[in-house]
Amino acid sequence: MAQRIDSDQRRFKDIVRGRIRENLRRYISSGELIGKQGKDLVSIPVPQIDIPRFRYGQRNNGGVGQGEGEPGDQVGQGDGEGQGSGQGEAGDQPGEHSLEVEITMDELAQILGQELELPNIQPRGQEKIESKSVKYTGIRPVGPESLRHFRRTFRRALRRQISSGLYDKSNPVIIPIREDFRYRSFKEDVQPHYNAVIIYMMDVSGSMGDEQKEIVRIESFWIDTWLRSQYKGIESRYIIHDAAAKEVDRETFFRTKESGGTMISSAYKLAWDIIRKDYPRGEWNIYPFHFSDGDNWSADDTMQCVKLLRDEIIPNSNVFCYGQVESPYGSGQFIKDLRVHFRGDEDVITSEIKNKDAIVQSIKDFLGKGR
């Protein structure tokens, strides 16, 4: 019975993952997966899947075989209480069922990679940390008591008593002696993990509204999810800017709204300061992501941005990514300028994000090259 339950649970999880894969693009565009986040779990509403379960009624509510009556009396329909008696007319359509299924972030990243056909990233930076894991490799006759293998020890003692004629079926007491003891053997597996940093930059001037910020929030969640599955040691830094830039925490990054003008070079200068001070060239895998609606203060500031990117940020990064979120108030010019100045440069990836439905393609634009 226990094996059957485990088999049914595995089958159910497979069905759930299949549903997630089928509806992944809808989940991404709606932001439905980002409703609740635990330490390393994401809660996903999956429609029309129910886990069978027993439901117990309240005591003393009556029912078949309970209450007053004589053998042979007809069982009535009750007075309606507890029988589904609600207000209103009966319907002829099936109800909507929703079940929140939790999967790990690694599982979610795996589904994302499979669905969008994302290649694994080849790290460029050399800074790495070492993690140790214990692998049990076999059984040996000596070891610490904490690693004693009880089943193997019992089996050894049983075999010894049977072979020596000491086993009594009428009184099957098995007492292991020292020579019966068996212990798990293990070895430490040391794996290097490369470090990476994501530097998010976003225009928070008046032309970037709540809808544009929601698009950035959703897309950054998926970028985080994929990159964290590729790197074990990863940091995230957040920069907001209008005419001036400042570093903030994640919550402030998505909530701040300013009304000033836009000077993109201020964000690039701050990003370069962070890279130069905290993430030495050649040691870290560095991913700057910038999101804006394409407005900039002047052509002169755009040229300053190009110079900072070409001379400082791009040579020190794995790839520079710019996402332009369409806004009714933004000119959309900056992405055109980047494409002119960095035409054919594989270290610069640009993506136009017209609405939430375009998030999937934008993620594929940014992460599809395995850089």
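The values are calculated or read from the model by the stated rules, or taken from the named source; none is laboratory data. Values in this document were obtained by computation on a predicted structure and should not be read as measured data. FYI the Cβ positions are ideal-geometry reconstructions off the backbone, even for glycines, and counts take in every protein chain you see.
Exactly one residue out of 312, 346 is surrounded by fewer than 19 Cβ atoms within 10 Å (Cβ to Cβ) and at pLDDT below 95, and it is 346. The residues in region 317-356 that are over 29 Å from residue 195 (Cβ atoms), out of contact with any Ser or Thr (no Cβ under 9 Å at 6 or more places or on another chain) and of a type in the set (A, V, I, L, M, F, W, C) can be counted, and the count is 1.
For every residue, the table says whether it meets (1) over 17 Å from residue 121 (Cβ atoms); (2) assigned by TED's automatic domain parsing to the domain that holds residue 331; (3) in contact with a helix residue (DSSP H, G or I) (Cβ under 7 Å, 6 or more places away or on another chain).
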{"residue": "227", "(1), (2), (3)": "no, yes, no"}
{"residue": "240", "(1), (2), (3)": "yes, yes, yes"}
{"residue": "252", "(1), (2), (3)": "yes, yes, no"}
{"residue": "264", "(1), (2), (3)": "yes, yes, yes"}
{"residue": "267", "(1), (2), (3)": "yes, yes, no"}
{"residue": "271", "(1), (2), (3)": "yes, yes, yes"}
{"residue": "276", "(1), (2), (3)": "yes, yes, no"}
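Can you tell which of 218, 223, 174 is outside any strand (DSSP E or B), over 30 Å from residue 253 (Cα atoms), at pLDDT 85 or above and not basic (Lys, Arg)? Going through 218, 223, 174 in turn, just one is outside any strand (DSSP E or B), over 30 Å from residue 253 (Cα atoms), at pLDDT 85 or above and not basic (Lys, Arg): 174.
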